[in-house]
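The structure under discussion appears below in the form of structure tokens.
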């Protein structure tokens, strides 16, 4: 029995000695592997060092202390990690490293942004946790530290080779200081609850930050002020590094395809205040389908913008401004956004509170924005409060607007007529809804229910199709222009107006039509008209006035139709005439009819159609609530140039060139 026990003890001692010898061997081998990985980093030109390395074979846990690194790129980026612990480590393949869990503590990173102000940044994280990690055990390739594009590409290539289920940092603090000229932006930042999820194949399912608090220095009206604030619930979804890598790939410099970088970016409430007292708040922001076109956005172009930006406090030359704006225009052409919005903007201004329900952007593509809209505006003017339900710009060409700004900056003169005409190409329409503004000093509001202006179908810089609509109401007084001063004289205190004007040219038929033309003055009248012109050549729409005038001489008049409907205006006119002449309304009506017929009698000798028109007008006055229609049809070809001359010298002789049909209805 004693012999058996002695043998068993001997076996245990031998096994234990073998185990600890093997563990020592494995730990030493792990230390060698770690050192080999750091040596591979140093071969790229960077600095990399570490403290003691330990390995627990039972839990497959690697612990590395005092990691320090410095990039070879200039200016360098430094990284320090107090303690690195990887649990459940394995080697899934040659040159690969995996761990069930990685925890890094006392992480400190710093560097300098290569701009004129020499912005120095630092970030510190007490703890960073990574779950289910797998990635390269060392650098994938050598890099050129002197080439910033290669450095950035190197980083994103390694990101594309990494997988992890999540990365989490409870707190990250950052600061930015300016070592050069004064600049807006330096300050202190704290990120709470930073999380990244579903990292695989160069994609990331989500990036989320619970809250960001900051104190920064900003330029407010030419002076530096402290800005403090916080942003809640920041998140991005479906990040794809393919788009970013394309920016650093010279082979993609001619690639016209748009690569999606993010499916969505959003944030919750953003509130901030300046030390001078101004405060503002945003309820939330969202942007969807953000993409990049490599043929327009390449890293060298972005660096060129930084290099072309004049140092703070200096005035750029005309050439510098033109060059910088051209570079910015190209970047706009390379960005793609499906939609974006800023919700619930409010500011406390000296003039009073300002509120903006939403800023909406739709369809940024090739430098052109489908729509830019402001909704729910509430502000205060000296005369009283102002509200706008919606203000929108349609098809705004941002890239070419920036280019045109560069031209104006180059000439330092007011825009020429051809430049002003070319600006029509940058926008296709304006829309205003539910505008309420004070009218003069009366305190009564003017209401614009809708206002729309659109144009298109260009011949050169001149649009050949346009449409204008307006629906509004408001107070009237005797200082207003006609016909509103007449309404005020008749005792009306308010009026409504509804206008719809359109015009379009058809190249195949060389016809130009002005329609619809409608005007409605509430409780007064409704007017509608249609005019057409033929033999309108393309050259009429030239910005060369001499050429346009010569070709315009060939234009011929087409039919003209006018229709009036009485909505109460006839009775207002009769009542006003009765007050002026101090007679009854019946007598005033008869007097007006007689005046119309009397005025037409001598004119009928020159043109019998004058009596037909006068008769229709007389019946229109006699029967309130009726309609008056007049149609003029050319007798053969009527040249517009000759017609205009005839109207100036003898209007009724000009009328003789048309067949006149005048009538009444109910």
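The values are calculated or read from the model by the stated rules, or taken from the named source; none is laboratory data. Remember, predicted model here, so these are calculated numbers, not experimental data. Glycine gets a Cβ as well: all are built from the backbone with ideal geometry, and neighbour counts include every protein chain shown.
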| said: Just checking: which of the helices (runs of 4 or more DSSP H) contained wholly in the range 549-666 hold 1 or more residues that are closer than 30 Å to residue 511 by Cβ and in contact with a helix residue (DSSP H, G or I) (Cβ under 9 Å, 6 or more places away or on another chain)? | reply: 609-622, 640-649, 651-655
| When you look at residue 463, is it crowded, with 16+ Cβ neighbours inside 10 Å, in contact with a strand residue (DSSP E or B) (Cβ under 9 Å, 6 or more places away or on another chain) and over 26 Å from residue 523 (Cβ atoms), yes or no? | yes
| remark: Sole miss for residue 533 among (1) in the same structural domain as residue 633 (by TED's automatic domain parsing); (2) touching a strand residue (DSSP E or B) at 6+ places or on another chain (Cβ under 6 Å); (3) buried (at least 17 other Cβ atoms within 10 Å of the Cβ) is condition (1)
| query | Within the range 69-79, is even one residue at pLDDT 80 or above, over 30 Å from residue 148 (Cα atoms) and touching a strand residue (DSSP E or B) at 6+ places or on another chain (Cβ under 9 Å)? | reply | no
| message | If residue 539 satisfies all but one of (1) farther than 20 Å from residue 659 by Cα; (2) in contact with a helix residue (DSSP H, G or I) (Cβ under 8 Å, 6 or more places away or on another chain); (3) outside the structural domain of residue 634 (by TED's automatic domain parsing); (4) not in a helix (DSSP H, G or I), what's the number of the condition it fails? | response | (4)
| task | Please state which of the following conditions residue 476 fails to meet, knowing it meets all the rest: (1) farther than 19 Å from residue 536 by Cα; (2) more than 30 Å from the chain's Cα centre (by Cα); (3) in contact (Cβ under 8 Å) with a residue 24 or more places away in the chain; (4) buried (at least 17 other Cβ atoms within 10 Å of the Cβ). | result | (3)
| query | Does residue 502 fit the bill of being in contact (Cβ under 8 Å) with a residue 60 or more places away in the chain, part of a strand (DSSP E or B) and touching a strand residue (DSSP E or B) at 6+ places or on another chain (Cβ under 7 Å)? | reply | no
| task | Return the total of residues in the range 251-276 being over 26 Å from residue 217 (Cα atoms), surrounded by fewer than 16 Cβ atoms within 10 Å (Cβ to Cβ), in contact (Cβ under 8 Å) with a residue 24 or more places away in the chain and over 25 Å from the mean Cα position of the chain (by Cα). | result | 2
| request: Kindly check whether there is at least one residue in the range 490-501 that is touching a helix residue (DSSP H, G or I) at 6+ places or on another chain (Cβ under 7 Å) and either assigned by TED's automatic domain parsing to the domain that holds residue 571 or closer than 29 Å to residue 404 by Cα (or both). | output: no
| field | So residue 177, is it in the same structural domain as residue 267 (by TED's automatic domain parsing), in a strand (DSSP E or B), modelled with pLDDT of 90 or more and over 28 Å from residue 242 (Cα atoms) | value | no
| request: Could you check residue 158 against (1) free of Cβ contacts under 8 Å to residues at least 40 places away in the same chain; (2) more than 29 Å from residue 211 (Cα to Cα) and say which number it fails? | output: (2)
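Yes/no matrix, rows are residues, columns are (1) buried (at least 17 other Cβ atoms within 10 Å of the Cβ); (2) assigned to a strand (DSSP E or B); (3) modelled with pLDDT under 90:
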| site | (1), (2), (3) |
| --- | --- |
| 420 | no, no, yes |
| 424 | no, no, yes |
| 432 | yes, yes, no |
| 435 | yes, yes, no |
| 454 | yes, yes, no |
| 469 | yes, yes, no |
| 496 | no, yes, no |
| 523 | no, no, yes |
| 526 | yes, yes, no |
| field | Single residue of 51, 69, 111 found to be surrounded by fewer than 15 Cβ atoms within 10 Å (Cβ to Cβ), assigned by TED's automatic domain parsing to the domain that holds residue 154 and closer than 23 Å to residue 136 by Cβ | value | 51
| request: Sort out for me the strands (runs of 3 or more DSSP E) sitting completely within the range 41-124 that have 2 or more residues that are within 26 Å of residue 200 (Cα to Cα) and more than 38 Å from the chain's Cα centre (by Cα). | output: 61-70, 78-87, 96-113
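Just to check your reading of the model, which residue among 83, 101, 96, 127 is under 15 Å from residue 33 (Cα atoms) and in contact (Cβ under 8 Å) with a residue 12 or more places away in the chain?
Going through 83, 101, 96, 127 in turn, the sole match is 96.
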| field | Any hit, the range 277-291, residues being in a loop (DSSP other than H, G, I, E, B), surrounded by fewer than 15 Cβ atoms within 10 Å (Cβ to Cβ) and either modelled with pLDDT under 95 or at positive phi (or both) | value | yes
| message | On the basis of being touching a helix residue (DSSP H, G or I) at 6+ places or on another chain (Cβ under 7 Å) and either within 23 Å of residue 329 (Cβ to Cβ) or at pLDDT 95 or above (or both), does residue 369 make the cut? | response | yes
